[in-house]
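The values are calculated or read from the model by the stated rules, or taken from the named source; none is laboratory data. As the structure is a computational prediction, the values presented were derived from the model and not from experiment. So basically every Cβ, Gly included, is an ideal-geometry build from the backbone, and we count neighbours across all protein chains shown. Surface accessibility is based on the protein's heavy atoms, side chains included, excluding ligands, DNA and RNA. Shrake-Rupley method; radii C 1.70, N 1.55, O 1.52, S 1.80 Å.
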Amino acid sequence: MSEEAAALQELTEQKYKYGFVSDIESEFAPKGLNEDVIRFISAKKNEPEWMLDYRLSAYRRWVNMEEPSWAKLHYPKIDFQDAYYYAAPKAKEGPHTLEDVDPELLRTYEKLGIPLHEQEVLAGVEQRRVAVDAVFDSVSVVTTFKDELAKVGVIFCPISEAVHSHPELVKKYLGSVVPDTDNFYATLNAAVFSEGSFVYIPPGVRCPMELSTYFRINAAKSGQFERTLIIADAGSYVSYLEGCTAPQRDENQLHAAVVELIAMDDAEIKYSTVQNWFPGDENGKGGIYNFVTKRADCRGKNSKVSWTQVETGSAITWKYPSCILRGENSVGEFYSIAIANNYQQADTGTKMIHLGKNTSSRIISKGISAGKAQNTYRGLVSINARADGARNFTQCDSLLIGDQCGAHTVPYIQSKNPKAILEHEATTSKISDDQLFYCLSRGIPTEEAVSLIVNGFCREVLQQLPMEFAVEAQKLVGLSLEGSVG
Amino acid sequence: MLEIKDLHVNVHGKEILKGLNLKVPPGEVHAIMGPNGAGKSTTSYTLAGRAGYEVTKGEIDFFGEDVTALAPEERAARGIFLAFQYPLEIPGVSTMNFLKTAMNSQAKIRGEKELNAAEFLRAVRAAAKELNISEDMLKRPLNVGFSGGEKKRNETLQMALLKPKLAILDEMDSGLDIDALKLVAEGVNKLRSPDRSFLVITHYQRLLDYIVPDVIHILAGGKIVLSGDKSLALQLEQNGYDAVIAKAA
Ligand SMILES: Nc1ncnc2c1ncn2[C@@H]1O[C@H](COP(=O)(O)OP(=O)(O)OP(=O)(O)O)[C@@H](O)[C@H]1O
Ligand SMILES: [Mg+2]
């Protein structure tokens, strides 16, 4: 290869640097979806009868449901029979330690920059430890720091393992925030969910380290159905991060996740997502379809849930992390950065449901559109008649790069309590030629200037991320917009 | 160091500079004066390499290299700095972060080592102190909500840290009160050195009392029509452009 060609390849690869495929021998469920496939998944995970019943009842419901079409998204009809609902690297049965893991898998995580050895840390600013659950297609490869966390009573394990080790907790909480009747994708997930993390923080415990799960889709033509359940018992605290990547492929792949959070009295959950699924190429070919239901139940008084998301990937993002503010004085926060470049479409936002007295919520949404992308903020603030003293602050800012993209803001407000205090602010701006030239004249090249300006635009949200991930996220923001100007 | 030869520049298809010649030797301060719309800002943007300022003829030699085809960031890295007549706001990006990015980018283009965090902080704090810029202001988003005077001081700070070889100051004095003017001028004077030149664009004699130029040029109709020593500024102040230009013609 000539030097020029190599440089060019490096440059194009840099656009999505996680687009490689790992050569792993995998085992699949038969293609398509029917009761046998669900029985297959359940059997693979050696599930108890109650779990299989849960799946089957969801499946029977799903068959009669229709895909939602209210979002501002356009895509060809998904053929749900033309995909694999279970794909897993061939490996020994049962839970494994690092020594049992296929070296090719370890190399994959190394390439992704995810530390699977307990003595390693992310290349962050601070040398703090992060526990990792690594989910590869439909199974968890390894979960680190499990033993150390267990010493303080924190349970952190794959959900398929929790079904066996903590059935009483799973039975009690699974589907208690997002019922299997909730919506088309949530019901599908309830039927076929494969892997995700389970977290339980006992009363009064402050989780001693960041917890994180990395989702990797590798196998072709397979969907991933993440299921995560986090319970913060009274007076506890946990900060959790979810990361996602997938190979660069021509066909679209489905990721339909359900995440449930439960915060009891005085508990706090900080949930951060850096979503970096393959976004499709610059002509709009390929990319992940990301249909996600994330909801938190602030069940206890003085509880708090804070969602922070950096959405840079996916061909399609359909995602509205929400908070049900049930407990008195509970607090819900939603901080979001959604970047859509080329042909990406993002329809994302939040729902804040104020049920309890003196509940408050805060929504800061930063949407960035470039290329021919469409970016929609869709948010609901609902105030129940009994929610005296409820208040919400919403700020939606859109930034446009170029003149072929679109930004849309769709705020819904339903207040049944006349005393509620609701504030809404929205702005739309563009990166001006003047601003760009100002940066250039200081020696800052175009791509870095765009990255700098966009990072500035997103600052309020980036500040919410745990320090370990903020630096990475900033770089990602820049990378996602490469080639969007000039 | 800077030699502009027969420079013709089109903006939006209209010829604005029509054969500009100018030579600035190292260490000298040259002032450009001229009526509104004469092409002063156009000259400064063209030197900095702004897109849309199309050089149709002539060249800009900087240390013997014709820079007309170079991108703005390349010119900046070679030492051309423009203090803007109207500095831009960049929300969410602190002066500190902006400066660090600029210094590191320039170092990278020049193939030099980047400053480490401690070195950078020390340099910024020292320069900020001289210009009476508070720590708080360094942390605020660049130019957002800054007063006119604060913006100009910030431009001076950037210049002090980027250490250009040629600094073009476009109406550095506009919007400054007398104290701020002195402060900015002092800042500039401190940077004067045998290997740094200045191109000072202004409408007023007053700035030139503080930053004393070696040569004054009068720009009108897209070219330099008259050059002289600093007494030229006094003549202008007394008689106006029309009379002085007419007399020269
Ligand atoms: N984008 C543009 N499109 C068309 N004409 C332009 C553009 N920019 C500048 N000009 C014209 O070029 C001429 C020179 O403008 P320039 O800003 O260089 O003047 P100046 O000498 O800096 O004036 P001032 O003293 O008012 O700052 C003016 O007639 C102006 O209208
Ligand atoms: Mg001007």
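P(r) for region B:1-45, please, calculated from all Cα pair distances in 5 Å bins and given in %. It works out to 6, 18, 29, 26, 14, 6, 2, 0, in whole percents. Using a 1.4 Å probe on protein heavy atoms, which residues of region B:60-102 have at least 50 Å² less accessible area in the complex than alone? Hits at the 50 Å² cut-off: B:E73, B:F84, B:L88, B:I90, B:G92, B:F98.
How high is the relative contact order of region B:1-127? Use alpha-carbon pairs under 8 Å, at least six apart in sequence, and give a whole percent. The partial results should precede the final answer.
Numbers: 146 pairs, mean separation 28.5, N = 127.
Taking the mean separation of contacting Cα pairs over the length of region B:1-127, I get 22 percent.
Counted by Cβ distance under 12 Å from A:E282, the other residues give a net charge of +1, where Lys and Arg count +1 and Asp and Glu count -1. A probe of 1.4 angstrom, applied to the heavy atoms of all protein chains, finds B:L234 with accessible area near 90 square angstrom. Need one word for region B:8-94: rounded, prolate or oblate. Basis is the Cα gyration tensor (sqrt eigenvalues a ≥ b ≥ c); a/c below 1.5 gives rounded, then a/b vs b/c decides. Rounded, since a/c falls under 1.5.
With r as the distance between the Cβ atoms of B:D209 and B:D177 and R0 = 22 Å, compute the FRET efficiency 1/(1 + (r/R0)^6) and round to 0.05.
On the way: r = 15 Å, r/R0 = 0.70.
According to the calculation, E is roughly 0.90.
Of the listed residues B:V55, A:V177, the order by accessible area with a 1.4 Å probe, largest first, is B:V55, A:V177. Estimated at the nearest 10 Å², the accessible area of B:L232 is 10 Å² with a 1.4 Å probe. Hydrodynamic analysis of region B:2-240 uses the Kirkwood radius over alpha carbon pairs. Inserted into Stokes-Einstein at 25 °C and 0.890 mPa s, it gives a translational diffusion coefficient of 134 µm²/s. Positive-end ranking of A:A234, A:I114, A:G389 along the dipole of region A:3-477, with charges on Cβ about the Cα centre, is headed by A:G389. Residues of region A:439-458 that bury at least 30 Å² of accessible area when the other protein chains are present, relative to the chain alone (probe 1.4 Å, heavy atoms, ligands and nucleic acids excluded): A:L440, A:S441, A:R442, A:G443, A:I444, A:P445, A:E448, A:L452, A:G456. Taking 7 Å steps out from each Cα toward its Cβ at A:D388 and A:L169 produces label points 3.8 nm apart.
Can you give the calculated 222 nm mean residue ellipticity of chain A, where each DSSP H run of n ≥ 4 adds -39,500 (n - 2.57) and the sum is split over every residue, rounded to the nearest 500 deg cm²/dmol?
Working: 12 runs with 115 residues, N = 486.
About -7000 deg cm²/dmol.
Overall, the ratio between the Cα radius of gyration of region A:200-270 and 2.2 N^0.38 Å, rounded to two decimals, is 1.40.
Accessible area per residue for chain A in Å², computed with a 1.4 Å probe and the full protein assembly in place, what is it?
On the way: 18920 Å² over 486 residues.
Here the per-residue accessible area is 39 Å².
Of the residues A:S165, A:S382, A:S197, the one with the largest accessible area comes first in the ranking A:S165, A:S382, A:S197, computed with a 1.4 Å probe on protein heavy atoms. Taking one equal scatterer on every alpha-carbon of region A:3-477, how large is log10 of I(q)/I(0) by Debye at q = 0.07, 0.10, 0.14 1/Å? Relative scattering, expressed as log10 I(q)/I(0), comes to -0.34, -0.72, -1.50. From helices alone, chain B scores -13000 deg cm²/dmol at 222 nm; the rule is -39500 (n - 2.57) for each run of n ≥ 4 DSSP H residues, then divide by the residue total.
Heavy-atom accessible area for B:V24, with the other protein chains in place and a 1.4 Å probe, reaches approximately 0 Å².
Considering only GluC sites (Glu not before Pro) in DSSP loops that have at most 12 other Cβ atoms within 10 Å, the longest stretch of chain A without any of them is A:252-486. Taking θ as phi - 60° and the Karplus parameters 6.51, -1.76 and 1.60, the scalar couplings of region B:152-167 work out to 5, 5, 5, 4, 5, 4, 4, 4, 4, 7, 7, 6, x, 8, 10, 10 Hz in sequence order, x denoting glycine and proline. Once C-alpha pairs closer than 8 Å and six or more residues apart are averaged by separation and normalised to the residue number of chain B, the relative contact order reads 28 percent. Largest first, the residues A:D265, A:D403, A:D79 sort by 1.4 Å accessible area into A:D403, A:D79, A:D265. In order along region A:297-304, the Karplus-derived 3J(HN,Hα) couplings, from 6.51 cos²θ - 1.76 cosθ + 1.60 at θ = phi - 60°, round to 10, 7, 6, x, 6, 6, 7, 8 Hz, and Gly and Pro are given as x.
Using only protein heavy atoms and a 1.4 angstrom probe, determine the accessible area buried between A and B, summed over both sides, in Å² to the nearest 100. Don't skip to the answer; put the middle values down first.
Numbers: alone 19980 and 11760 Å², together 29750 Å².
When A and B are taken together, about 2000 Å² of accessible area is lost.
Put simply, the amide H of B:S197, placed in the peptide plane, has neighbours under 5 Å in B:G27, B:L166, B:A167, leaving out anything fewer than 5 places away on its chain.
How about region A:149-181: which trypsin sites (Lys or Arg not before Pro) there are in a DSSP loop, with at most 16 other Cβ atoms within 10 Å of their Cβ?
Answer by residue number: there is no such site.
Mean separation of Cα pairs under 8 Å and 6 or more residues apart, divided by the residue count, gives chain A a relative contact order of 10 percent.
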